[in-house]
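Colleague: Got a structure for you, written out below as C-alpha cells; questions coming shortly.
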Amino acid sequence: MLSYAIFSGITLGGMYALVAMGLTLQYGVSRIMNLAYGELVIVASFIAFVFMTALGINPILGLLIIIPASFVLNWVIYRILLTPLVARAKNRGMLEVDSILATFGLLFIVQGVLLVWFGGNYYSYDFLNNAVNVFGATIAANRLVALGFALVIGLGFYLILTRTRIGTALRAVAVDPTSARLVAIDVNFASCFAFALGGAMAAVGGVLVSMFLTFSTSMGVVFTMKALIVVIMGGVGNILGALIAGLILGVAESLVATYVDPGLTIAVTYVIFLLVLLIKPSGLFGRATS
Amino acid sequence: MQISAKLRLATIAAATTAVMSTATLFGANAQETYRIGYAISKTGPGAPGAATSTIPNYEMWVKEINDAGGLQVGDKQLPIEVVEYDDRSSSEEAVRAIERLINQDKVDFILSPWGTGLNLAVAPILDRAGYAHLAGTAVTDKAPQLSKRWKNSYWLLGTGEQYAVAMADFLEGLKDDGKINDKVAMIAVADGFGIELSKAGREALEDRGFDLVYDKTYPLGSQDLATIVNDIKSLDADTFVAFSYPPGTLGLTEQSRVLGFNPKVFYAGVGTAFPLYKNRFGDNAEGVVSLGGASEDDPEIADYIERHVAFAEREPDRWASIVNWATLQSLQQAIERAGSTDREAINAELAKGGFDTILGTYKPGDQTFWRVGQWQDGKFVGLAPTDMEGAKELVFPKPEWKAAN
C-alpha cells in the first residue's frame, strides 16, 4: 500500500512538474507572468487529440511536429505581443503587471478560438493505457511516459542551464537583465528564447497529459493555477525546483488520499505551499531577492 | 472644436440607437417572432456538461421549428428568435443575464441554464417575473418543496434521493439473490450533487443491511483517483458506487481498468451516460451502471437520437438530453395550445400537461425517467424503475475489463 501510494504520487507529481517547468522558464527568465500558459497546454492537448483520432499519428511521434511548432508560435507571441511591453517597461514590476494583463487577454482569445473549433465538450482518447508493473505497483504506461519526460526534461535542462554557455546566459538574464547586457548577452534574444522554450515545454506537457486526462476547452486555468503553485514553491526560474516541488506535491496528495482522506488532497497542496512560503518565501530553490 | 465634433458624433450615435431600439420595440409589439432567451455555460467548468445535455437540444429545437415555418400561434406562424448569453458557469453571471433577458430583451420565454447550482440561483427571479422555469439539468432533494414554492417551476430530473434509493433497491435485490456480498465501497465528489446523493445513498444502503466499507469524498475536478481505487480494491466489496462528475467518472473507470479492479457491480456517476464514455472505453463500457437510461427500442427515441447526431454530429447523452427534449416538445405544444404568446396562458397550458413527447404522454416534472441504467451492447438502457415500460435485465456480473489495445 505504501509503495503504491508513493509511486502513484511520483507519477502524479511528475505530471505537475511537467506542466510547470515551462512556466518557470517564462516567468523566471523572460519575466512574463503568462496567464495564458494553461490555454497553450490545452491547445497542445487538442492537437494531440486531432493527430491521434483524425490522422492516426501517435502523440509521442506527434511531438516531433508539435515541439517545433509551439516553439515558433511562442516566439511569434513574444515578438508581436510582448516585445512592446518589454520595451516600454521601466522596471520588473511594471512588466509583470503589463504581461499579466496582456496574457489575460490572450487567454480569452485562445479559449475563444478553441471553443469555436471544438465546442465546450469533454475530450479524451485512448493511448498507451496498458498497465505496467513497477516495484509492485500497477501504473498506466502513459503516466510512466509522462514521468519519464518530466525527469528527462527537468534534469536535462538543469544540466543545460548550469553547464552550457547559453544556459549561463539565460541564468544571468534571470538574475539581472540590466547587468547581463554589460557582459554582452543579448537580453532580448535570451528572453524570447526562454519564452519560446517555455511554450514548447507547455506543449510537451499538454500532449502527454492528454493521454490520460479528460480535457475540455475551459480547463486551461486549472493547469495555470497548478503550475503557478509549483513554480513559486520550487523557486521562480528554477527547473530543478519545479521538478522537485511537483514531486513533493504529488506524493503528499497521494499519501493523504491513502492514509487520511481523499477529500483533503487539495487542502494539503495549499498547506505545503503556505509552509514553504512562510519558511522560504523565495521558494525551495529560489534565491532571496535583494 | 475637437470636443464638439466628438460630442456631435456621440449625440448622433445616441439618437440612432434610440430610434433603433424603439423600432425593435415596435417590432416586438407587432409580434412577428417568438423570442426565446437563455443564459448557458459556454465557458467555465459547466461548459462541457452544457455542451452535452443542453445546448445542442436548444439549438436543434429552434432549428426544427423554424425550418417548419415557426410556431403555430393562433392563425399565425411565428419563427423563433433566440437571445443567448454565456453565464460563464457563474451564478452571479447567470442571474445578471436572466435579469437582462427579462427587463431589457423582454423575451417571451426563458429556457433554463445548465446544472443544479445555476438553476437554483435563477429560479426565484424567473418566478418573480412570472416566467415558467423548466429546470432540465438540476438534481436536488429540495425539488418537491421548490415546485410548491415557485409554482411555475418544474424540476425535471427529480431528487438525488430517487436515484440513490432506486440504486439501493436494485442492489438489495441482488444481495437477496445471493449474487453480491453486503460490502459496498462508495465515493462521491465533494460538490452538491455528490454530497446529496451519497447522503441519500448511505442511508438507503445501511437501511438495506449493506456494510459501507469505504465512504469518502474527493475534491471537485480531481481526475487522479488511482489511490482511492487501489485502497478499495483490497476491501473485497462486490459493489462499487461512485457519485462522480464527468472528468472523475472517466478517471475512475480508467484507473479501475488499469488496476484490474473488477467489482461485480460498477456504478459510476454523471458522465457515464455520455456518448463520450462509450467512445472512450468502447467494449469496456459494457456492464457499467449509472444514473439515467434511454429506451432506444422506442422508435421515437431512436429517431430523436438519429436527428441529434445529424444536427450536432454527436449523440445526445442518455439521461438529461432525453428529458430536456421531451420538455422542449412540451413547450412547443403548450405555446401552440395556448394559441397566443401570453405568458400566463402558456404557463397554464404547461401545468395541464398531456403533451405528446418522446417520453410518451408527458407533463414537465413527470417522474417517468430512468433512475438506474446500464451500458449493454453499446446502448445505455434503463434498468429501474423495473416496472417502467422497456426496463431491461441487469447484465451481471460486469464483464472483466479488457486490456487496452
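Colleague: Above 28 Å lies some portion of the pair distances; for chain B, what is it as a whole percent of all C-alpha pairs?
Modeller: 49 percent
Colleague: Given the DSSP H assignment, sum -39500 (n - 2.57) over each helix run of at least 4 residues in chain B and divide by its residue total; what's the result at 222 nm in deg cm²/dmol, nearest 500?
Modeller: -14500 deg cm²/dmol
Colleague: Please compute the modelled spin-label separation between residue B:283 and residue B:92, points set 7 Å along Cα→Cβ, answer in nm with one decimal.
Modeller: 5.2 nm
Colleague: Taking every eigenvalue of the Cα gyration tensor of segment B:304-405, multiplying by 5 and rooting it, what semi-axes result, largest first, whole Å? Mind dumping the intermediate values first?
Modeller: Details: eigenvalues 235, 57, 15 Å².
With the √(5λ) rule applied to segment B:304-405, the semi-axes are 34, 17, 9 Å.
Colleague: Follow-up. Hey, can you list the residues from segment B:240-263 whose accessible area shrinks by 10 Å² or more with all protein chains present, relative to the chain by itself (probe 1.4 Å, no ligands or nucleic acids)?
Modeller: When all protein chains are present, B:246, B:247, B:250, B:254, B:255, B:257, B:258, B:259 each give up 10 Å² or more of accessible surface.
Colleague: Each residue of segment A:127-135 in order: what ³J(HN,Hα) in whole Hz does its phi give by Karplus 6.51 cos²θ - 1.76 cosθ + 1.60, θ = phi - 60°, with x for Gly and Pro?
Modeller: Going residue by residue, I get 8, 6, 9, 6, 7, 10, 9, 10, 6 Hz, with x marking Gly and Pro.
Colleague: Next question. Which shape class applies to segment A:2-217: rounded if a/c is under 1.5, otherwise prolate when a/b exceeds b/c and oblate if not, where a ≥ b ≥ c are the square roots of the Cα gyration tensor eigenvalues?
Modeller: Values: a/c = 2.26, a/b = 1.44, b/c = 1.57.
Oblate is the answer for segment A:2-217, as a/c is 1.5 or above yet b/c matches or exceeds a/b.
Colleague: I'd like to know which of A:14, B:118, B:289 lies farthest towards the positive end of the charge dipole of the protein assembly as shown, counting +1 on Cβ of Lys and Arg and -1 on Cβ of Asp and Glu.
Modeller: A:14
Colleague: Counting only C-alpha contacts under 8 Å and six or more residues apart, can you give the relative contact order of segment A:18-138 as a whole percent? Present the calculation step by step, with values, prior to reporting the outcome.
Modeller: Details: 65 pairs, mean separation 42.9, N = 121.
Reported relative contact order: 35 percent.
Colleague: May I have the pair-distance distribution P(r) for segment A:73-163, computed from all Cα-Cα distances with 5 Å bins from 0 and rounded to whole percent?
Modeller: 2, 10, 10, 11, 10, 17, 16, 11, 7, 4, 1, 0
Colleague: Using a Gaussian network model on chain A with a 10 Å cutoff between Cα atoms, which of A:196, A:172, A:131 fluctuates the most?
Modeller: For chain A, modelled as a Gaussian network with Cα springs under 10 Å, the answer is A:131.
Colleague: When you look at the Cβ of every residue in A:122-132, what mean number of other chain Cβ atoms sits within 10 Å?
Modeller: Taking the mean over all residues of the peptide, I get 6.
Colleague: A follow-up question, please. Restricting to bridges with both residues inside the protein assembly as shown, how much of the DSSP beta-bridge set is antiparallel, in percent to the nearest 5?
Modeller: 40 percent
Colleague: Can you compute the charge dipole magnitude of segment A:2-217 about its Cα centre, using +1 on each Lys and Arg Cβ and -1 on each Asp and Glu Cβ, nothing else charged? Give it in debye, rounded to the nearest 20. The partial results should precede the final answer.
Modeller: Numbers: 10 positive and 6 negative charges, 109 e Å.
That gives a dipole near 520 debye.
Colleague: Can you give me the long-range amide H partners of residue B:153? Hydrogens built in the peptide plane at 1.01 Å from N, cutoff under 5 Å, separation of 5 or more residues or another chain.
Modeller: Amide H neighbours of residue B:153: B:133.
Colleague: Now for a different question. For the cross-link pairs B:63/B:392; B:42/B:148; B:199/B:233; B:142/B:264, which exceed 27 Å when the distance is taken from alpha carbon to alpha carbon? All intermediate terms of the calculation are to be shown ahead of the outcome.
Modeller: Working: B:63/B:392 34 Å; B:42/B:148 31 Å; B:199/B:233 23 Å; B:142/B:264 33 Å.
With Cα atoms farther than 27 Å apart: B:63/B:392; B:42/B:148; B:142/B:264.
Colleague: Okay, moving on. Considering amide H positions built from the backbone, and no H for Pro or chain starts, which residues 5 or more places from residue B:353, or on another chain, come under 5 Å of its amide H?
Modeller: The answer is none.
Colleague: Quick one: what are the phi-derived ³J(HN,Hα) couplings along segment A:77-82, Karplus 6.51/-1.76/1.60 with θ = phi - 60°, whole Hz, x for glycine and proline?
Modeller: These are the phi-based 3J(HN,Hα) values: 4, 5, 5, 8, 8, 9 Hz.
Colleague: Next question. Mind computing the radius of gyration and Dmax over the alpha-carbon atoms of segment A:211-290? Å is fine for both.
Modeller: 13.6, 43
Colleague: While we're on this one: Just to confirm, what accessible area per residue do you get for segment B:143-220 at 1.4 Å probe, in whole Å²? Display every interim value, and only then the final one.
Modeller: Values: 3220 Å² over 78 residues.
On a per-residue basis, segment B:143-220 sits at 41 Å².
Colleague: Another question about this same structure. With +1 on each Lys and Arg Cβ and -1 on each Asp and Glu Cβ, how big is the dipole of the protein assembly as shown about its Cα centre, in debye rounded to the nearest 20?
Modeller: Using Cβ point charges on Lys, Arg, Asp and Glu, the protein assembly as shown gives about 3280 debye.
Colleague: Once phi is turned into ³J(HN,Hα) by the Karplus curve 6.51 cos²θ - 1.76 cosθ + 1.60 with θ = phi - 60°, what whole-Hz value does each residue of segment B:134-149 show in order, with x for glycine and proline?
Modeller: Here the 3J(HN,Hα) series is 9, 6, x, 10, 10, 10, 9, 5, 8, 3, x, 5, 5, 5, 6, 5 Hz.
Colleague: Taking the radius of gyration and the Kirkwood hydrodynamic radius from Cα positions alone, what is the Rg/Rh ratio for the protein assembly as shown, to two decimal places?
Modeller: On the way: Rg = 27.5 Å, Rh = 27.3 Å.
With Rh from the inverse mean 1/r over Cα pairs, Rg/Rh is 1.01.
Colleague: So, one more: Nearest 100 Å² is fine: what is the total accessible surface buried where chains A and B meet, probe 1.4 Å?
Modeller: Protein heavy atoms only, the A-B interface buries about 2800 Å².
Colleague: Counting heavy atoms of the protein chains only and a 1.4 Å probe, report the per residue accessible area for segment A:2-217 as a whole number of Å².
Modeller: 40 Å²
Colleague: Name the residue farthest towards the positive end of the dipole of chain B from the options B:345, B:94, B:173, assuming +1 on Cβ of Lys and Arg, -1 on Cβ of Asp and Glu, about the Cα centre.
Modeller: Of B:345, B:94, B:173, it is B:94.
Colleague: Using amide H atoms built 1.01 Å from N in the peptide plane, name the residues 5+ places from residue B:85, or on other chains, whose amide H lies under 5 Å from its own.
Modeller: HN-HN under 5 Å from residue B:85: B:38, B:39, B:40.
Colleague: Additional query: Indicate the helices, whole DSSP H runs only, in chain B that combine a mean Kyte-Doolittle hydropathy of 0.5 or more with a Cα extent along their long axis of 27 angstrom or more.
Modeller: On the way: long enough: B:2-30 (42 Å, 0.85).
Going by DSSP H runs, the hits are B:2-30.
Colleague: So for chain B, taking the charge dipole from beta-carbon charges (+1 Lys/Arg, -1 Asp/Glu), which of B:74, B:376, B:357 sits furthest toward the positive end?
Modeller: B:74
Colleague: On the accessible surface of the protein assembly as shown, probed at 1.4 Å, how many percent belong to carbon and sulfur atoms?
Modeller: 61 percent
Colleague: P(r) for segment B:79-142: what percent of alpha-carbon pairs falls in each 10 Å bin, starting at zero?
Modeller: Calculated P(r), rounded to whole percents: 22, 58, 18, 1.
Colleague: Based on the Cβ-Cβ distance from residue A:270 to residue A:97, what FRET efficiency comes out when R0 is 22 Å, to the nearest 0.05?
Modeller: Values: r = 25 Å, r/R0 = 1.12.
After rounding to 0.05, the efficiency reads 0.35.
Colleague: With 18 Å as the cut-off, how large is the P(r) tail for segment A:126-209, expressed as percent of Cα-Cα pairs?
Modeller: 56 percent
Colleague: Given the DSSP H assignment, sum -39500 (n - 2.57) over each helix run of at least 4 residues in chain A and divide by its residue total; what's the result at 222 nm in deg cm²/dmol, nearest 500?
Modeller: -24000 deg cm²/dmol
Colleague: With a Förster radius of 45 Å, plug the Cβ-Cβ distance of residue A:57 and residue B:103 into 1/(1 + (r/R0)^6) and report the FRET value to the nearest 0.05.
Modeller: FRET efficiency, residue A:57 to residue B:103: 0.30.
The values are calculated or read from the model by the stated rules, or taken from the named source; none is laboratory data. The structure displayed is predicted, hence computed values, not measured ones. As a convention, Cβ positions derive from the backbone with ideal geometry for all residues, glycine included, and neighbour counts pool all protein chains shown. Quick note on the areas: whole protein, heavy atoms, side chains included, nothing else; ligands and nucleic acids left out. Shrake-Rupley method; radii C 1.70, N 1.55, O 1.52, S 1.80 Å.
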